[in-house]
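First the structure, in the form of structure tokens, and then the observations on it.
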Amino acid sequence: MKRIPIVILSLILAVAALAKPSRRGNLAEVLDLNEQQQEQLKALRETLRTTVEPLREQKRDLREQIKAAVDAGNAQQAGELLISEKALREQFKAAHQSFETSFEKILTPEQKQKWDVYKEMRRRVPSPRARGEG
């Protein structure tokens with residue numbers, strides 16, 4: 001019986017967080033992270049950023065190279081570059097998965113429930129960037 005109020009509260013908090021403009025503080029507020037958890041989250045985000053930023057640069061370069069290959073009519077080179085881009089996407093995915101796994105380890109069981117609801121809500125409601133607004 002205790003789970004129902006927690007799930008309902010989690011849903012309400014997740015919907016409220018999604019209704020507000022996106023800010024870095026939302027996650028800490030939604031999950032009610034303590035100071036130590038917030039510091040750990042900050043460190044995890046920094047690790048993710050330093051891992052992903054070079055990948056973003058590589059992705060930009062690859063896209064330019066793909067466009068140049070397509071414009072030049074070089075299908076073989078464009079195909080090879082697209083395969084490289086796919087491998088890069090896998091690296092992005094691995095970095096985000098590593099972040100998520102590490103983040104979940106610092107959560108209490110109640111926070112983990114809220115986090116699961118939060119993730120599900122984010123999957124169902126595309127971000128402004130995904131909708132072409134960001």
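Assorted remarks:
- Taking each of Lys93/Lys114; Lys42/Lys86; Lys42/Lys93; Lys67/Lys119; Lys42/Lys112; Lys59/Lys105 in turn, the alpha-carbon distance tops 24 angstrom for Lys42/Lys86; Lys67/Lys119; Lys59/Lys105.
- Computed lengthening from Ala68 to Gln38, 0.36 nm per intervening residue step minus Cα-Cα distance: 6.4 nm
- Residues with amide H under 5 Å from that of Asn34, placed H, sequence gap 5 or more: none
- Peptide packing for 27-40, 52-65 was compared via the average number of neighbouring C-beta atoms within 10 Å per residue; ordered from the highest value, the list is 27-40, 52-65.
A short reminder: the numbers here are calculations on the coordinates, not readings from a lab. The model shown is predicted, which means the values in this text are computed figures rather than measured ones. Ideal geometry is used to build each Cβ from the backbone, glycine not excepted, and the neighbour counts take in all protein chains shown.
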